[in-house]
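Here is the structure we will look at.
Computed from the coordinates by the stated procedures, all read-outs in this text should not be read as laboratory data. The shown structure was predicted, so the numbers you read here are calculated from the model rather than taken from an experiment. Cβ atoms come from the backbone with ideal geometry, glycine included; neighbour counts cover every protein chain shown.
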Ligand SMILES: [Cu+2]
């Protein structure tokens, strides 16, 4: 019984460690330059140098007297239209957790800034762990989460997170069975 519990705890710790590792990524937009019009930061290049996953945090750091952050649609991103943003942020230290795959477009809403290049397209990939559940806990009864045809940006929320909760749930169910059987 003690051994079983120990093994179980080890598995839970591994699952939790995996969750932590796969979801801890924080991406500071522009790296040390931050979110600015100064210095001609190439946000396209910055975004291309990163790999974004569902669950990652996008961080915008800037002087809130001069800038802000607006999440916009693709056409609004292309035309630098900040009149009807999907979301807006203005604290100067905004952290946005990405919950869906696909493109997420952000611009600065201060007139002229987006045109000057203060805009970023964050393309979020589906998390690889969603397609590869922990082998020790995988069971044929659990459907492997696989995406259908790529839908619109908001159509597939938290797929990988759900997959990991399934794994965690299985682990807890396993302990419940073991405990009730051996007690
Ligand atoms: Cu600005």
### Over the range 32-72: Kirkwood hydrodynamic radius from C-alpha pairwise inverse distances, Å
11.8
### Message
At a 10 angstrom cut-off on C-beta neighbours, averaged per residue, how do the peptides 62-70, 82-90 rank from highest to lowest?
### Response
62-70, 82-90
